[in-house]
1. Between beta-carbons, use under 9 Å as the cut-off and find the net charge around B:GLU146, counting Lys and Arg +1, Asp and Glu -1.
2. Charges only on Cβ, +1 for Lys and Arg, -1 for Asp and Glu: so what's the dipole of chain B about the Cα centre, in debye to the nearest 20?
3. Mind giving me the FRET efficiency for B:ALA28 and A:SER271? R0 is 41 Å, r the Cβ-Cβ distance, nearest 0.05 is fine.
4. Could you run the Debye sum over the Cα atoms of the stretch B:104-154, one equal point scatterer each and no solvent, and tell me log10 of I(q)/I(0) at q = 0.20, 0.23, 0.24, 0.30 Å⁻¹, two decimals?
5. Determine the shielding of peptide B:68-81 by partner chains: average, over its residues, the number of Cβ atoms on other chains within 10 angstrom of each Cβ.
6. Please tell me the relative contact order of the stretch A:65-129 in percent, rounded to the nearest whole number, where contacts are Cα pairs under 8 Å and at least six residues apart.
7. Measure off 7 Å from each Cα along the Cα-to-Cβ vector at B:LEU55 and A:ALA171, then give the distance between these two points in nanometres to one decimal.
8. Evaluate peptide A:54-61: per residue, the Cβ atoms of other protein chains within 10 Å of its Cβ; return the mean as an integer.
Amino acid sequence: MENKYALFLGCTIPLRGRQYEKSAVEIGRLFGAELEPQQDFACCGFPIKSATREGTLLLAARNLAVAEEAGLEVLALCSSCASVLAEAAEELAEDDDLRKKVNEKLAKVKRKIEKPPRVRHFARWLYEEVGPEGIAEKVVAPLGDFRFAVHYGCHYLKPSWAFHDAEDPEAPHSLGDLLRATGADVVDYAEYKKCCGGALLGIDAELSLALAGEKLTRVKAAAPDAVVLVCPFCAVMYDDNQKKVAAQLEAELDLPVLFLPQVLGLALGLSAKDVGLKLAKNKCEKLIAAFAEAK
Amino acid sequence: MTIIKTDPNFKHEVAAEPGGEAIKYCFACGTCTAACPVRALDERYNPRKIIRMILLGLRDRVLESDFIWLCSTCYSCEERCPQGVPFAEIITAVKNIAAREGKLHPAYVTQLDLLKQFGRLYELEEFDNKKRLKMGLAELKTTCDEVAKLLDDE
Ligand code: SF4
Ligand code: SF4
């Protein structure tokens, strides 16, 4: 069962990021890994941390218990899910008293944590297990004609302790490395490490859209063919809300938004349909012309 | 002259919350504020100042403010703090205290309700499952009552 993983979708992806899920599952398959959503997974707990940290830990622990029962490591597609589950896994592994307390509450829903499973972001897994070389070897449709801007977002990297310092959040490169393996150019742009503002959307929409706007203005200045990301909430900000961001900026943006495995998938020979290429508000017409219409 | 009510115990209260302990190591350098993307756009928000306000015991002013809800949880502050103060955790601790006193921001009241109802932030309908199946994705359960059971006493 080594190559089977519990795929953690979280709240947003099943409805608003199916192209991300589909392309990630297909990439897994290309490299001999089965990424399987667990029926009993629910919210990771992150959204309510401001209300109740304890509630967040319980929800995270519950999901970890589901994966532990299935005997599977967790791969998360959403960066916030990855960070909150990784934090909980760390805390529960290290603190016996905390684990005991959490288990007393989990007993109410007949769950139990003994040894929390390993948790990684899907993109981290891809970088560590396949790597840019592994991608480059299997490229069948090089993307030399394309330039992409990478948005790392926050929780793919931070808090760094939860991810065992897998990558320095001050100088991230993993996503760019994976993209470059397809032959594509990865553009530099100012403030590329900044936050999308997603966590504030329900609190102060104007401020949230302003954070997104500041960043997308920088991206736009670098004139990429698309912005590529690894978190459904960053996509909610940059794709679903791009019109509102642009209206608030009083500027044109027209920036196509893609998830990393969609782009990698095309280079690796997956079809436009397999990667859900047309499932975005801001579609990448240039990729569609090259992959969906040409064939 | 108005006298501002202070509560010297507030810092201990924050320190007693998980993640709050390290507040005492803050030496007010302002690195967190300089790193904060929210601060860069909105003057109302200032991590270093919020820590000062907690240490000074300005309990009501902090708990009743609008600004405590403005952290975007990007973790830039704590990654860069030279004293290892996890400010994102400290502001979470403050918000949790506010929540226990009935001052939870309405956006989170709604989110808690949705989670209890559906186990997710959004309702997954049969219609969504149909779209999933059509793409070759697994059908998913539309609710999870375990979430409400776990959150009911929280
Ligand atoms: S960076 Fe750390 S030490 Fe400096 S003011 Fe902020 S919390 Fe205090
Ligand atoms: S975690 Fe919050 S306080 Fe810290 S830098 Fe980010 S937005 Fe500012």
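Values in this text are rule-based calculations from the coordinates and carry no lab data. This is a predicted model, so every value here is computed, not measured. Cβ coordinates were reconstructed from backbone atoms using ideal geometry, including for glycine residues, and neighbour counts include every protein chain displayed.
1. Summing Lys/Arg as +1 and Asp/Glu as -1 gives +3.
2. My answer is approximately 560 debye.
3. The formula returns an efficiency of 0.10 here.
4. Each listed q maps to, in turn, -0.71, -0.82, -0.85, -1.06.
5. Whole-number average of other-chain Cβ neighbours for B:68-81 is 6.
6. On the way: 61 pairs, mean separation 33.9, N = 65.
The value is 52 percent.
7. Between B:LEU55 and A:ALA171, the simple spin-label model gives 3.2 nm.
8. Per-residue shielding by partner chains comes out at 5.
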